[in-house]
1. Tally time: how many residues in the range 1-35 are among the charged types (D, E, K, R) and touching a Lys or Arg at 6+ places or on another chain (Cβ under 7 Å)?
2. In the range 74-94, which residues are surrounded by fewer than 15 Cβ atoms within 10 Å (Cβ to Cβ) and of a type in the set (A, V, I, L, M, F, W, C)?
3. Any residue at all in the range 12-31 that is over 30 Å from Lys137 (Cβ atoms), in contact with a strand residue (DSSP E or B) (Cβ under 9 Å, 6 or more places away or on another chain) and within 16 Å of the ligand (Cβ to nearest atom)?
4. Considering only the range 47-61, I want to know if a residue exists there that is in contact (Cβ under 8 Å) with a residue 40 or more places away in the chain, among the hydrophobic types (A, V, I, L, M, F, W, C) and under 20 Å from Ala131 (Cβ atoms).
5. Please specify each residue of the range 39-73 satisfying the condition of being in contact with a strand residue (DSSP E or B) (Cβ under 7 Å, 6 or more places away or on another chain), among the hydrophobic types (A, V, I, L, M, F, W, C) and within 16 Å of the ligand (Cβ to nearest atom).
6. Output the residues belonging to the range 115-134 that are within 15 Å of the ligand (Cβ to nearest atom), under 16 Å from Leu77 (Cα atoms) and without any contact (Cβ under 8 Å) to a residue 40 or more places away in the chain.
7. Can you name every residue in the range 196-209 that is loosely packed, with under 13 Cβ neighbours inside 10 Å and modelled with pLDDT of 95 or more?
8. Could you count how many residues in the range 1-46 are among the aromatic types (Phe, Trp, Tyr) and open to solvent by 40 Å² or more (accessible area, probe 1.4 Å)?
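The values are calculated or read from the model by the stated rules, or taken from the named source; none is laboratory data. Note that this is a predicted model, so its numbers are computed, not measured. Backbone-built Cβ (ideal geometry, glycine too); neighbour counts: all protein chains shown. With ligands, DNA and RNA removed, areas are computed over all heavy atoms of the protein, side chains included. Shrake-Rupley method; radii C 1.70, N 1.55, O 1.52, S 1.80 Å.
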Amino acid sequence: MSASETFIHRFEPATAPGPAPLLLLHGTGGDENDLLPLGRTVAPGAALLSPRGRTLEAGMPRFFRRLAEGVFDEDDLIRRTHELADFVEQARAEYGLPAPIALGFSNGANIAAAMLLLRPQVLSGAVLLRAMSPFAKPPVVTLAAKPVLIVSGSFDPIIPEENAARLAAALSGAGASVEHRSLPTGHGLSQADLGLVRDWLAQRLALAA
Ligand code: MLT
């Protein structure tokens, strides 16, 4: 099955040599178009792969089911994470891409975190914007210095700071190289997020070049 047959997605090829591709993962109610402008801003010239989540909640696309806000259907999350990881592997083969850095927002950040924990080899790193711990008990995994940036909002009404801190601790404990920043903002993204992500990616991409 081709990548297009599993996930509706947008793909923009790289326009500059070097930078790692970004896997863009939207929030609840978003789609494959949402994060393309963000991707172009924070990683100019990078290839962008942007799938649409295949679960619907009251007509809103998501990447996995939840039972209530912040309460996840972990069986569905596991299944959907493998499905998305398989899509990324298929798209990499079709488009000739190295392992991408995930850039996820909210629900998209949560499935990116789940992918780090369940299929770490699929991603070369991750930027998790307004993420929370995807699993009550994180699976045991080795993340061998994988770079991860978590950006939380200190006034986020959806994600308690303690929960994001738990995610950072789980990823660090598994060996990832985690930077966890908190901005004085809510659940939505701010200009400060863009600056942080752009600088962090520029550093990572320079190191990888
Ligand atoms: C989730 O369901 O993944 C989180 O609660 C964030 C959200 O998408 O609202």
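1. From the range 1-35, those among the charged types (D, E, K, R) are 5, 10, 12, 31-32, 34; that's our starting set.
Filter once more, so that each one left must be touching a Lys or Arg at 6+ places or on another chain (Cβ under 7 Å): 31-32.
Adding up the residues that qualify gives 2.
2. Listed by number, the list holds a single entry, Ala93.
3. Checked the range 12-31: at least one residue is over 30 Å from Lys137 (Cβ atoms), in contact with a strand residue (DSSP E or B) (Cβ under 9 Å, 6 or more places away or on another chain) and within 16 Å of the ligand (Cβ to nearest atom).
4. Filtering the range 47-61 down to residues in contact (Cβ under 8 Å) with a residue 40 or more places away in the chain leaves 47, 49-54.
When the remaining residues are screened for being among the hydrophobic types (A, V, I, L, M, F, W, C), the result is 47, 49.
So of that shortlist, the ones also under 20 Å from Ala131 (Cβ atoms) come out as 49.
Yes, the range 47-61 contains a residue that is in contact (Cβ under 8 Å) with a residue 40 or more places away in the chain, among the hydrophobic types (A, V, I, L, M, F, W, C) and under 20 Å from Ala131 (Cβ atoms).
5. Result: Phe63, Phe64, Phe72.
6. Met115, Ala131, Ser133
7. Hit for the range 196-209 is Asp199, nothing else.
8. Step one: filter the range 1-46 for residues among the aromatic types (Phe, Trp, Tyr), giving 7, 11.
Still in the running and open to solvent by 40 Å² or more (accessible area, probe 1.4 Å): 11.
Summing the residues that are among the aromatic types (Phe, Trp, Tyr) and open to solvent by 40 Å² or more (accessible area, probe 1.4 Å) in the range 1-46 gives 1.
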